[in-house]
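Encoded as structure tokens, the structure appears first; notes follow it.
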Amino acid sequence: ASTAFSFSLTGHYFYSQKNYDAAIKYDPYHSLYYFMRGASMLHRDTKQAEKDLAKVVELSPNISYTYGFLAAAQLANSQTGEDEKMSCAAKNIGLAIKYDGGDAYWYMLSSIINFDKPVLAAHHREKAFKRNPEIEYLLADPNLTASEYIGAKHSDVRISSFYRRGPKIYLPLPYIAQ
């Protein structure tokens, strides 16, 4: 038991230093470390992010928001919008909504993933805008970075940072024409 405790302490030390690779090396069964690495890599390495987020779902299948993050990674990795990645993204965003149906971000992501189902996409987009009107504002200005948006509006950081990191858009999100 003391050996496992030692691995856990070492892993958590590296986690507190934001060295997720080392944290995972010392404690490979801690889903939080995979989640943090996967979520932080979404703007740099979507393939690795998807692997990490899939591992989170495997290790901790009862955490609702991990399905949404995994769906975002799968959306980013979809080549055609009609491939297996998009099918998996639709399944996972459906689970995120099922378990955490009040989250505006999941509805917005669902509207994008389900672009081939226009009625569902429009319904989920309306729900997203109703639950968090700032999403519409964020999508309307392609020049607005996450830091400017968060600084100006004090928005939900998950929503803002997922859409923008500096001047670069790193998920394939369309701007919704008004």
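The values are calculated or read from the model by the stated rules, or taken from the named source; none is laboratory data. Source: prediction; values computed, not measured. Every residue, glycine among them, receives a Cβ derived from its backbone with ideal geometry; neighbour counts consider all protein chains shown. The accessibility values were calculated without ligands, DNA or RNA, using every heavy atom of the protein model including side chains. Shrake-Rupley method; radii C 1.70, N 1.55, O 1.52, S 1.80 Å.
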Exclusive hit being over 25 Å from Ala89 (Cα atoms) and either modelled with pLDDT under 90 or surrounded by fewer than 14 Cβ atoms within 10 Å (Cβ to Cβ) (or both), set Phe7, Phe14: Phe7
Selection from the stretch 34-76 of residues that are surrounded by fewer than 19 Cβ atoms within 10 Å (Cβ to Cβ) and among the polar types (S, T, N, Q): Ser40, Gln48, Ser60, Asn62, Ser64
Test: Tyr29 is surrounded by 19 or more Cβ atoms within 10 Å (Cβ to Cβ) and among the hydroxyl-bearing types (Ser, Thr, Tyr): no
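I need the full set of residues from the stretch 60-71 which are of a type in the set (A, V, I, L, M) and touching an Asp or Glu at 6+ places or on another chain (Cβ under 9 Å), in order please.
Step one: filter the stretch 60-71 for residues of a type in the set (A, V, I, L, M), giving 63, 70-71.
Within the stretch 60-71, just Leu70 meets the criteria.
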Matching residues in the stretch 79-93 - criterion: being touching a residue at least 24 places away in the same chain (Cβ under 8 Å) and of a type in the set (Gly, Ala, Ser): Gly81, Ala89, Ala90
All positions within the stretch 80-98 that are open to solvent by 50 Å² or more (accessible area, probe 1.4 Å) and either at pLDDT 90 or above or small (Gly, Ala, Ser) (or both): Glu84, Lys85, Ser87, Lys91, Lys98
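Just the residues that are open to solvent by 60 Å² or more (accessible area, probe 1.4 Å) and not aromatic (Phe, Trp, Tyr), please, taken from the stretch 128-139.
Narrowing the stretch 128-139 to residues open to solvent by 60 Å² or more (accessible area, probe 1.4 Å): 130-131, 133, 136-137.
The answer is Lys130, Arg131, Pro133, Glu136.
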